[in-house]
Amino acid sequence: MPFTFKQFHVDDSHCGMPVSTDGVLLGAWAPLTQAKTILDIGAGSGLLSLMAAQRSGAAIQALEIDPLAAQDCQHNITQSPWGDRITLTQADLLKWYPGVQTKFDHILCNPPYFDNGPQSQCSKRAQARHTDSLAFEDLLGAIKQLLGPQGKASLILPNASLGRFLPLLAQFELRLNARVDITTVPSKTPQRHLLCLSHGASNAKSSEQIETEHLSIRDASGAYSEAMVALTQAFYLKL
C-alpha cells in the first residue's frame, strides 16, 4: 500500500515486506547523520535509503535482490528529492559483496530473521522474512567486509531471533555498541530490538553489559508515546 511521509512517498506494491513500523524505527534511530557513505542491504521499497537521505548528506547504495521490488525502489528513489544521491543495484548480496572494494560509514539492514516456523505462501514475503534467503552468518560476514574501520551497522530484530544473533558477533569480530528494546505499550515485554554494531573483537562491555534503552511505541492511553513522537515526527505526516 502506498505510504506518504513528510518529505517523500513510498509505493511498495511489489515488495515482499510493506512499509512497517520496524523500518521507520530503524531509519529514524540509526546513528548515521555524519556518514558520508551508506549501504542499505535488502532495500525493498527504498524506505531506509530515503530516510537516510533525509537525515544525512551521504551517498547511499541501495541493494535489493528481487527484481519487482527493485522496480518499486527505483521509482521511489527517482520521485524523491534525493535521487542524485541514491544508487540502486538489483543483486544478491552474497554474489555482490565479494567484489566490492568500497567501505561504508554506515550499513542499514532490516534483515530476514525467522529461522523456522510457517512461511508465507507469498514467496516474496517469505524471502523477506526467513533466514534461508540470508542467514545471519552470511549477513554478518558481509557487514564485516563492507563496514569501514570506524563504521557502524544498524539493524532491527525480533525478540525470538536475538538469542541466536548476538552470540555470532564474536565470530566475526563485531561488537554491540547500542541496543534499544521496543515494546508496543509500557506493560508489554519487548518484541523488537534496535542494534548498533561496529568492528571490535575485544569489547570492554559484553553484550550483556551494554546499557539497554527502552522505547514504548504507545503510552497507556494508546496514543503515541513522547519518545516515539520525538523519534519519528520528522517523517510521519500526522506527528
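Highest mean first, the peptides 78-89, 58-69 sorted by other C-beta atoms within 10 Å per residue fall in the order 58-69, 78-89. Of the residues Ile77, Asn159, Gly27, the one whose Cα sits farthest toward the positive end of the charge dipole of the chain, with +1 on the Cβ of Lys and Arg and -1 on the Cβ of Asp and Glu, is Gly27. Less than 5 angstrom separates the built amide H of Leu147 from those of Phe104, all sequence-distant by 5 or more or on a different chain.
Starting from the Cα-Cα distance between Ser13 and Ala170, subtract it from 0.36 nm times their residue separation and give me the gain in nm to one decimal.
Numbers: separation 157, 0.36 × 157 = 56.52 nm, distance 3.82 nm.
Full extension of this stretch gives 52.7 nm more.
Taking all protein chains as present, what is the carbon and sulfur share of the accessible area of the chain, in % to the nearest whole number, probe 1.4 Å?
Details: 5640 of 11240 Å².
Carbon and sulfur atoms account for 50 percent of the accessible area of the chain.
What number, in percent, do you get for the relative contact order of the chain if the mean sequence gap of Cα pairs under 8 Å and at least 6 apart is divided by its residue count? Here the relative contact order equals 17 percent. Taking a Cβ cut-off of under 12 Å around Pro2, the surrounding Lys, Arg, Asp and Glu residues balance to a net charge of -3, with basic ones at +1 and acidic ones at -1.
If you scale each eigenvalue of the Cα gyration tensor by 5 and take the root, what three semi-axes come out for the chain, rounded to whole angstrom and sorted largest first? Could the numbers behind the result be given before it?
Values: eigenvalues 110, 105, 69 Å².
Gyration-tensor ellipsoid for the chain: 23, 23, 19 Å.
Would you work out if the stretch 153-239 is rounded, prolate or oblate? Take a ≥ b ≥ c from the square roots of the eigenvalues of the alpha-carbon gyration tensor; rounded if a/c is under 1.5, else prolate when a/b is larger than b/c, oblate otherwise. Intermediate values should be presented prior to the final figure.
Values: a/c = 2.68, a/b = 2.03, b/c = 1.32.
Taking the square roots of the gyration eigenvalues as a ≥ b ≥ c, the stretch 153-239 is prolate.
Derived scalar couplings between HN and Hα for the stretch 227-239 equal 5, 5, 4, 4, 6, 10, 5, 6, 10, 5, 4, 8, 9 Hz in order, rounded to whole Hz, by the Karplus curve 6.51 cos²θ - 1.76 cosθ + 1.60 (θ = phi - 60°), x for Gly and Pro.
The values are calculated or read from the model by the stated rules, or taken from the named source; none is laboratory data. Here the structure is a predicted model, which is why all the values come from computation and not from measurement. Ideal geometry is used to build each Cβ from the backbone, glycine not excepted, and the neighbour counts take in all protein chains shown. Please note that ligands, DNA and RNA were not included when accessible areas were found on the heavy atoms of the full protein model with its side chains. Shrake-Rupley method; radii C 1.70, N 1.55, O 1.52, S 1.80 Å.
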